[in-house]
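First up is the structure itself, then whatever we jot down about it.
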Amino acid sequence: MHKICEDFMTTQHLALTARAQRFPLHFPLRFRKSGMAHWQSGRTINISRTGILFKTDDALPKDSLLDIQVRLPMKMSIACQATVVRSEKTQFAVRIHHHRLIKKATNSTN
């Protein structure tokens, strides 16, 4: 294989397999198993572009599909659907499938 092709393939492989950078952000969140009505609470430990590590007292089996809302400052939140990929006592890692930013409406009196 040509050297340029080898370099390109190596770079592409690294880009696809490289772990996303994690940011140690601690925000309140709520989650529920998809399709369920009852929300449970937790707190983020870190967040990346591909997932969230969070803490909760509730049990979550691996492969559970969750709806998650992370409350951010400035009256905003992130809503996402994610799958539990790691389950360890009170810490759970999820892979985000899709997400959206929600800006909460404010009441103004002018």
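Close amide H contacts of Ser64 (hydrogens built in the peptide plane, cut-off under 5 Å, sequence separation of 5 or more or a different chain): Val84. Expressed in Å, the radius of gyration and Dmax of the Cα atoms of region 22-103 are 11.4, 33. Each residue, Arg30 and His99, gets one label point 7 Å from its Cα in the Cβ direction; the gap between the two is 1.9 nm. Close amide H partners of Gly51, meaning residues 5 or more places away or on another chain with modelled amide H under 5 Å apart, are Ile96.
What FRET efficiency comes out for Ala20 versus Ser41 if R0 is 25 angstrom and r is the Cβ-Cβ distance? Round to the nearest 0.05.
Working: r = 25 Å, r/R0 = 1.00.
E between Ala20 and Ser41, to the nearest 0.05, is 0.50.
Rounded to the nearest whole Hz, the Karplus-based 3J(HN,Hα) values (6.51 cos²θ - 1.76 cosθ + 1.60, θ = phi - 60°) of region 21-33 follow the sequence 5, 9, 10, x, 10, 10, 10, x, 9, 10, 8, 8, 5, with x at glycine and proline. Distant-in-sequence amide contacts of Phe27, defined by a placed amide H-H separation under 5 Å and a gap of 5 or more residues or a different chain, comprise Thr44. Lysine pairs in region 22-103 whose alpha-carbon atoms fall under 16 angstrom of each other, counting only those eight or more residues apart or on distinct chains, come to 5.
Going highest first, how would you order 28-37, 95-104 by mean Cβ packing within 10 Å?
Numbers: 28-37: 14.3, 95-104: 12.0.
Top of the packing list down: 28-37, 95-104.
Values quoted throughout were computed directly from the atomic coordinates according to the rules given, and no laboratory measurement underlies them. Just so you know, these numbers come straight off a predicted model, no measurement behind them. Virtual Cβ from ideal backbone geometry, glycine too; neighbours counted across all protein chains shown.
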